[in-house]
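What follows is one structure encoded as structure tokens, with my remarks underneath.
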Amino acid sequence: MIEPTPEPWAQSHMLLLALSRWDNEGGSVASRATAGSPAAGPRQSEYRIAVVVGSLRGDSLNRQLANVLCELGPAGFSFRQTRIDDLPLYNQDDDANQAASVKRFKAEIADARGVIFVTPEYNRSIPGVLKNAIDHASRPHGGSVWAGKPAGIAGVSIGAMGTSMAQQHLRNVLACLDVPTLGLPEVFIHAREGFFDNDGKVPAASRTFLQSWMDHYIAWVRQHAAL
Ligand SMILES: Cc1cc2nc3c(=O)[nH]c(=O)nc-3n(C[C@H](O)[C@H](O)[C@H](O)COP(=O)(O)O)c2cc1C
């Protein structure tokens, strides 16, 4: 007898539980990239992926998660975390004369074959700094660099729902910008104390799940590159 496919929300819930449980097995997969920097090192990179972290906090859990994700891409992919902390507050009056940091950010997104957003949840939505960055790169009207960039979304929170509301809001924003966004699997991580160890590593079972998510995202990027 064929097992019925679980509902997507049920799968997400299971993943959340899987990700937030302690794993005593230890062990980790060898790093294939240096987090926070061009991940591919000297090798040729066919696909550059921009990674946008929605937190400016020094000890950001989401930046740690982004660092882990940046290690999981295959050969031919490189990951670069883009700065958003130097962007001014968006003001439409500046559309004709965008700041140098805005031009840099837009160029990094334009140059990328895809984008991964790793974001906290602030008051049941995305942080203002992330929305500010997204708005900047969508302007001036007709000059958005977002359209068609295959996106993945992940997030970690100390809250039990693991950024699910923020991610849903982000999907709404990205739809308006014609950004095709990977649906499943979803990465809702509830970070209990010790989820990241002192070296920023996650438990082996969680890393296995994140690898699976990355494999889905890579396929998503390739699929859109072929269109
Ligand atoms: C202004 C603010 C609002 C927050 N709202 C939520 C929330 O709605 N849901 C949630 O799960 N956590 C919320 N948190 C807690 C964050 O999940 C937690 O601070 C998290 O560590 C932030 O991500 P970071 O470590 O990447 O900076 C909020 C934190 C702040 C500072």
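Values quoted throughout were computed directly from the atomic coordinates according to the rules given, and no laboratory measurement underlies them. In this text the structure is predicted, and so the values were computed from the model without any measurement. Heads up, the Cβs are rebuilt from the backbone with ideal geometry, glycines too, and the neighbour counts pull from every protein chain shown.
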Practice item. Return H224, H141 ranked ascending by Cβ neighbour count within 10 Å, so the fewest neighbours appear first. Key: H141, H224
Review point. Between L227 and A107, what is the label-to-label distance in nm when each label sits 7 Å out along the Cα-to-Cβ direction?
Key: 2.7
Check your understanding: Based on the alpha-carbon gyration tensor of the range 49-151 and its eigenvalue square roots a ≥ b ≥ c, which shape applies: rounded if a/c is under 1.5, prolate if not and a/b is larger than b/c, or oblate?
Key -> oblate
Study note, to complete from the structure: Of all DSSP beta bridges having both residues in the range 97-226, the percent classed as antiparallel (nearest 5) is 10
Review point. Once phi is turned into θ = phi - 60°, what whole-Hz ³J(HN,Hα) does the Karplus curve with 6.51, -1.76 and 1.60 give for every residue of the range 131-143, x standing for Gly and Pro?
Key: 4, 4, 5, 4, 4, 3, 6, 9, 10, x, 3, x, x
Check your understanding: How many angstrom lie between the C-alpha centres of the range 49-67 and the range 181-205?
Key -> 12
Review point. If you add up the charges near A133, with Lys and Arg at +1 and Asp and Glu at -1, over every other residue whose beta carbon is less than 14 angstrom from its beta carbon, what do you get?
Key: +3
**Study point:** Rounded FRET efficiency, nearest 0.05, which uses the C-beta distance separating R124 from H216 and R0 of 30 Å
**Key:** 0.70
Check your understanding: For T119, T181, what's the fewest-to-most ordering of other Cβ within 10 Å of each Cβ?
Key -> T181, T119
Revision key, fill the gap. Per the 1/(1 + (r/R0)^6) rule, R0 = 25 Å and r from the Cβ atoms of Q92 and R57, FRET efficiency to 0.05 is 0.35
**Study point:** Length released on extending from R171 to N132, taking residue separation times 0.36 nm less the Cα-Cα span
**Key:** 12.5 nm
Revision key, fill the gap. In terms of the alpha carbon gyration tensor, root eigenvalues a ≥ b ≥ c, rounded if a/c is under 1.5 and otherwise prolate when a/b exceeds b/c or oblate, the range 167-227 is oblate
